[in-house]
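**Q** I have a structure here, written as structure tokens, and I will follow up with some questions on it.
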Amino acid sequence: MDGMAKTSTTTQGLRAAIERSGYYPALVAEAVEAAVGGEPVRSYLVHQETTFDQNEVRRHVTVLVLTGNRFIVSHTDEQAADDTSPTPYATTSTESVKLGRISSIVVSRVVANPEKYKPGTLPREIVLTIGWGAVSRLDLEPAACGDPNCEADHGYTGSSTADDLSLRVSEAGDGPETVRQALTFAQALSEATADSAR
């Protein structure tokens with residue numbers, strides 16, 4: 001299959017995944033397609049999450065898209081009627097990140113019965129964390145010296161963590177195909193950022 005046919009197939013697969021999610025597909029697809037523009041889609045991941053907020057059920061969909069030059073993140077949330085709107089509404093946002101800005105990609109895998117693990121077995125769940133410097137988390141704690149009787153103020157010590165996006169996908173909640181797609185996307189993104197660093 002040549003590159004042109006593969007790109008067309010990947011773009012069609014992205015549209016089909018958005019449709020399958022059943023979560024305002026026309027709205028989500030339009031936002032994602034506007035962000036992608038004319039660039040070919042190399043890989044994608046569509047993830048829907050349902051949360052319970054007091055007596056309300058809220059849905060959220062995240063769409064991740066990899067093009068030749070960019071990583072695109074789209075989030076869509078539904079909101080109940082409130083003081084600002086008499087009817088329920090949805091908000092959708094997209095962010096476009098140049099591949100060279102991505103500073104870290106972390107894939108955490110949870111595997112059942114690790115003593116029986118065989119290469120290629122699908123993890124029970126994965127957490128994909130991607131950092132590009134838009135959001136950092138700073139964890140601080142009081143600094144101390146080795147003297148247990150010291151009462152001096154040693155200031156603070158801590159760590160800064162890039163934590164722009166963290167996405168959990170599980171076989172039980174999302175199905176094995178979504179876990180497989182998340183792993184495929186993470187590998188494609190890792191390879192693309194390695195290529196952009198050369």
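The values are calculated or read from the model by the stated rules, or taken from the named source; none is laboratory data. All of these numbers come straight from a predicted model, not from anything done at the bench. Here the Cβ positions follow ideal geometry from the backbone for every residue, glycine too, while neighbour counts run over all protein chains shown. Protein only, heavy atoms only, side chains kept; ligands, DNA and RNA dropped before computing areas. Shrake-Rupley method; radii C 1.70, N 1.55, O 1.52, S 1.80 Å.
**Q** So what's the projected area for the stretch 54-144, the Cα convex hull averaged over all directions, in nm²?
**A** On the way: hull surface 49.1 nm².
About 12.3 nm², averaged over all directions.
**Q** Now, a different point. What nm distance separates the two modelled labels at S108 and F52, each placed 7 Å from Cα along Cα→Cβ?
**A** If labels sit at S108 and F52, their model points lie 2.3 nm apart.
**Q** Accessible area per residue of the chain at 1.4 Å probe, in Å²?
**A** Numbers: 12040 Å² over 198 residues.
Result: 61 Å² per residue.
**Q** Using only the alpha carbons of the chain, what is the convex hull's orientation-averaged projected area in square nanometres?
**A** Mean orientational projected area (the chain, Cα hull): 18.2 nm².
**Q** Toward the positive end of the charge dipole of the chain, about the Cα centre and with charges on Cβ (Lys, Arg +1; Asp, Glu -1), which of S74, P86, P114 goes farthest?
**A** Ranked along the dipole, the leading option is P114.
**Q** If you put +1 on each Lys and Arg Cβ and -1 on each Asp and Glu Cβ, how big is the dipole of the chain around its Cα centre, in Debye rounded to 20? All intermediate terms of the calculation are to be shown ahead of the outcome.
**A** Numbers: 17 positive and 27 negative charges, 222 e Å.
With only Lys, Arg, Asp and Glu charged at Cβ, the dipole is about 1060 debye.
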